[in-house]
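Here's the structure, in structure tokens; my notes come after.
Each reported figure results from applying straightforward, stated rules to the coordinates on display, with no laboratory input. For clarity, every value in this text was computed on a predicted model and none was experimentally measured. Heads up, the Cβs are rebuilt from the backbone with ideal geometry, glycines too, and the neighbour counts pull from every protein chain shown.
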């Protein structure tokens, strides 16, 4: 792997870390439930992107599969939380 790509991935992961910290602050401090759900959605997306960046860094197919599972679980949880916020119940 080229040194330029290594530096770019490290910088990307640092930016993802800052974004994750800011989203965690919004998750803890958010004035409404919608803000907290949005912060949680953003956190799972950033987590998935971080796993993808690590998959590129280490050339591991398993990390790409883990990112796919994170995306799937995040989508399902977002849909469930949105339904809960709209109707007050998840299962009808």
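Below are the figures for this structure:
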quantity: Scaled radius of gyration (Cα, divided by 2.2 N^0.38 Å) that region 3-87 gives; calculated: 1.24
quantity: 20 °C / 1.002 mPa s Stokes-Einstein diffusion coefficient of region 22-63, Kirkwood radius on C-alpha pairs, µm²/s; calculated: 191
quantity: Mean Cβ neighbour count within 10 Å, used as a protection proxy, ranking 8-18, 37-47 highest first; calculated: 37-47, 8-18
quantity: Distribution of pairwise C-alpha distances over region 42-81, 5 Å bins, in %; calculated: 6, 28, 30, 19, 10, 5, 2
quantity: Expected 222 nm ellipticity per residue - DSSP helices of 4 or more, -39500 (n - 2.57), all of the chain, to 500; calculated: -31000 deg cm²/dmol
quantity: Region 3-87: relative contact order as a whole-number percent, Cα under 8 Å and 6+ apart; calculated: 27
quantity: Cα pair distances of region 1-52 binned at 10 Å [whole percent]; calculated: 26, 42, 21, 9, 2
